[in-house]
Amino acid sequence: MSSHFDNSFYPFQCETCGKGFHKVLRVLIDSNEVRCPGCHTLMDIQASKRAGDIGRALLKATESDKRSVATN
């Protein structure tokens, strides 16, 4: 069975060069930073994971996975 963590992407925009890109939620679970594919700048995402949009996206994927398991 496919997980919502593997099929959901979170959008980012580099603070340095402005490039937009996406990361799979599965990658963000264990990461505290993401690297821009354009300029290779590392962006700290810890605060956003704890209280921001990334945290909400991870919670939503967890809830969707639980519902999927319960219906199968």
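Just so it is clear, none of the values below were taken in a lab; they were calculated from the coordinates. Note that this is a predicted model, so its numbers are computed, not measured.
Observations on the model:
- At full extension, L42 and S3 could sit 11.4 nm farther apart than now, given 0.36 nm per residue minus the alpha carbon distance.
- With helices as the sole contributors, the chain gives -13000 deg cm²/dmol at 222 nm; each DSSP H run of n ≥ 4 counts as -39500 (n - 2.57), and the sum is divided by every residue.
- Correct option for mean projected area of the Cα convex hull in nm² [calculated from the coordinates] among (1) 5.4; (2) 4.8; (3) 5.9: (2)
- In straight-distance terms, cross-link reach from K19 covers every one of the aspartates and glutamates whose alpha-carbon lies under 17 Å from its own, apart from those fewer than eight places away in the same chain; here that gives E33, D44.
- A straight chain from T62 to Q13 at 0.36 nm per residue would run longer than the Cα-Cα distance by 15.2 nm.
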